[in-house]
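Asker: Take this structure, written in structure tokens, and hold onto it; I'll ask about it next.
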Amino acid sequence: MNVAYTTSRPHRTGVFFALLLFWVLLSGSLAPTTLGIGVIVGAIIAWLLPGAMSFFSDFRFSGRAVRAAIAYFGYFLLALVKANLRVAGLVLSPALPINPGFVKVRTRLKSPMGRLLLANSITLTPGTLTVEIEGEWLYVHWVTADAPDIEGATHEIVEGFERYLEVMYG
């Protein structure tokens, strides 16, 4: 899978601001010295290694896409909490009501980066594990294969993430 990296000014600018945001979040400080270090290091990385943040290689920099990214993060955190509680309930249940299996799901995403983020989001959610991406198909191991058919599994596993990723990546 070839992913072309762009080194355009908007891409470098996006990488710079993303790095600066991560720096501020990680450092937890807006002190001038700390912020200055973040600006300098972010600018150097964005200029010398524009492809280092491949997350932005296909990202559509628009107000709508940024709002979708924020909503996606919130949706992912909610899905993560729900999945953790569900898996904990399964483990703590004396009957251990699991029905493991592999399901094939379809994605409408065209962007390789969008598909990769979808696969990683599925894998990071307890109870599911993406084992292969093949074109528009993802093969997922599911602890409770509630919907073994393609449409049902796609609805249960993919559609929530995909509605945000489509806006972000297409």
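Bear in mind that the values in this text are calculations on the coordinates, not laboratory data. None of the values given here were measured: they were computed from a predicted structure. Backbone-built Cβ (ideal geometry, glycine too); neighbour counts: all protein chains shown.
Asker: Pulled fully out, how much extra length does the chain show between K110 and L90, if you take 0.36 nm times their separation in residues and subtract their Cα-Cα distance?
Answerer: Here the segment from K110 to L90 would lengthen by 3.7 nm.
Asker: Work out the charge dipole of the chain with +1 on the Cβ of Lys and Arg and -1 on the Cβ of Asp and Glu about the Cα centre, then indicate which of T33, A68, I98 is farthest towards its positive end.
Answerer: T33
Asker: In addition: Contact order normalised by length for segment 43-170, with contacts defined as Cα pairs under 8 Å and 6 or more residues apart; what percent is it?
Answerer: 34 percent
Asker: Same structure again: What order, most packed first, do the peptides 134-144, 85-95 have when packing is the mean number of other Cβ atoms within 10 Å of each residue?
Answerer: Output ranking for 134-144, 85-95: 134-144, 85-95.
Asker: Taking every eigenvalue of the Cα gyration tensor of the chain, multiplying by 5 and rooting it, what semi-axes result, largest first, whole Å?
Answerer: Output for the chain: semi-axes of 35, 20, 12 Å.
Asker: Given the Cα-Cα distance of K82 and V41 and 0.36 nm per residue of separation, how much length would full extension add, in nm? Before the final figure, lay out the partial values.
Answerer: Values: separation 41, 0.36 × 41 = 14.76 nm, distance 3.73 nm.
Using 0.36 nm per residue and subtracting the Cα-Cα distance, I get 11.0 nm.
Asker: Next question, about the same structure. Just how far, in whole angstrom, is segment 72-93 from segment 108-165 if you go by their alpha carbon centroids?
Answerer: 16 Å
Asker: Continuing with the same structure: Quickly work out the E151-to-L129 label distance, labels modelled 7 Å from Cα along the C-beta direction, and quote it in nm with one decimal.
Answerer: Between L129 and E151, the label points sit 3.0 nm apart.
Asker: Starting at the first residue of segment 135-149, write each ³J(HN,Hα) from the Karplus equation 6.51 cos²θ - 1.76 cosθ + 1.60 with θ = phi - 60°, in whole Hz, x for Gly and Pro.
Answerer: My calculation for segment 135-149 gives x, 7, 9, 10, 9, 10, 8, 10, 5, 10, 5, 5, 10, x, 7 Hz in order.
Asker: Given labels modelled 7 Å from the Cα in the Cβ direction, how far is it in nm from N120 to R60?
Answerer: Between N120 and R60, the label points sit 2.1 nm apart.
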